[in-house]
Each structure stands twice: as structure tokens, then as C-alpha cells.
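Taking it in order: structure first as C-alpha cells, then the write-up.
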Amino acid sequence: MNNLREKILLLLLGGFALCYAYTPGRYWYVARTISREWSKIREKELREGINYLYRLNYIDKKINSNNLWQVSLTAKGKLALLSSRLDNIKNKKHKWDGKWRMVAFDIPEKYKKGRDSLRNKLKKAGFNELQESVLVTPYDCLKEIKALVDFFKLGKYVRFGILLSIDNEKYFEKLYKL
């Protein structure tokens, strides 16, 4: 995804972060960061980026009662942003901390579409199967996985854990070139 468009989506998501800022200090930190990043984008590029994201159905634009544009993320936009964040997990070049992150799920057949989407997103993010419904990765990604599980509304069927070792660890170390 284009860097400017990704930044616009992230800044729109930053509005949601204000809702979860539990302390006044955290609230103002998020507000300052959003304001600073918005000011770095030139107005013409911003308009073009927003219009492009609107055509892709990633955002929704409405005029509110004050004759101001109100821009919000659609479900498709949230998924695109999550996908971008998941892609960034395996691209981070951090020294491995020796721990494995595990996602295990037992999702009923009636949620097959969500289960398959979750599995595909996890594999694309760099997870590999330990078993059919148990995937592991060496990358620190708890926030991204929680957001993905929440997006698909599968929280009661998915578990996340941190493992110190696994029996076929050498295989995975070789796979991830650790």
C-alpha cells in the first residue's frame, strides 16, 4: 500500500486510540502525535489520498451538521490496515528474544470463513503451523493478533501464548533463519 495512504489510514485509526487513552497524559500524547503527523501531509496530497481511499471503499466520507467533512474507516479499510500492520511484523529486524508466539484456535464450522481468513492472515504475517490450528512465530505481535481476532469477532475461540521452547525448535529456527 502507498505510504501516504497507509499513513492516512493509521491517523484515522488514531482517532480510535483516543477513546482507549485511559489517562489524561496518554490522551494528550496521542492527540499531539496525530496533530503533528497530519501537519506533515500537504493538503493536495491529503485530498488525493482521501479520494483514492474513498474510491477503494477503505474510508467513508460524510458532511456533518457543521458543513465539515467527517472521514471514518470502513470494515474494508480496517482490514487493509491490519494486513499492513501484519506485513510489518515479519519485516522488523529485531534480535530474537528466544520466545515463540503461539496462536491456537478451535473455531466452529459455522465460522469457517472467519477461521480461514484468520489462518491466511496469520500465515501471511509469518506464522507457521505447529499443528493444523496451532501456529507459531518468533515475532512479537500480540497487539496485531488481538486486533485481527477482534476484527473477525473470534475472541472466544482463539488463544495466544508465549512459549519458551518447542520440541522441534531447531526446525523452526532454520525455517526463520534465527
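Things to note:
- All of (1) assigned to a strand (DSSP E or B); (2) assigned by TED's automatic domain parsing to the domain that holds residue 172; (3) more than 30 Å from residue 178 (Cα to Cα) hold for residue 104 with one exception: (3).
Quick grid of which residues meet (1) outside the structural domain of residue 124 (by TED's automatic domain parsing); (2) modelled with pLDDT of 80 or more; (3) within 30 Å of residue 176 (Cβ to Cβ):
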{"site": "39", "(1), (2), (3)": "yes, no, no"}
{"site": "42", "(1), (2), (3)": "yes, no, no"}
{"site": "47", "(1), (2), (3)": "yes, no, no"}
{"site": "54", "(1), (2), (3)": "yes, yes, no"}
{"site": "60", "(1), (2), (3)": "yes, yes, no"}
{"site": "64", "(1), (2), (3)": "yes, no, no"}
{"site": "67", "(1), (2), (3)": "yes, no, no"}
{"site": "87", "(1), (2), (3)": "yes, no, yes"}
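- Cross-chain or 6+ apart pairs with Cβ under 7 Å, segment 148-177 first and within 17 Å of residue 104 (Cα to Cα), then of a type in the set (Gly, Ala, Ser): 149/155; 152/114; 152/117; 154/114; 159/104
- Annotation: of all residues in segment 53-68 being surrounded by 10 or more Cβ atoms within 10 Å (Cβ to Cβ) and touching a strand residue (DSSP E or B) at 6+ places or on another chain (Cβ under 8 Å), the one that is farthest from residue 9 (Cα to Cα) is 61.
The values are calculated or read from the model by the stated rules, or taken from the named source; none is laboratory data. None of these values were measured; they are calculated from a predicted model. When we count neighbours, we look across all protein chains shown, and the Cβ atoms used for this are built from the backbone with ideal geometry, even at glycine.
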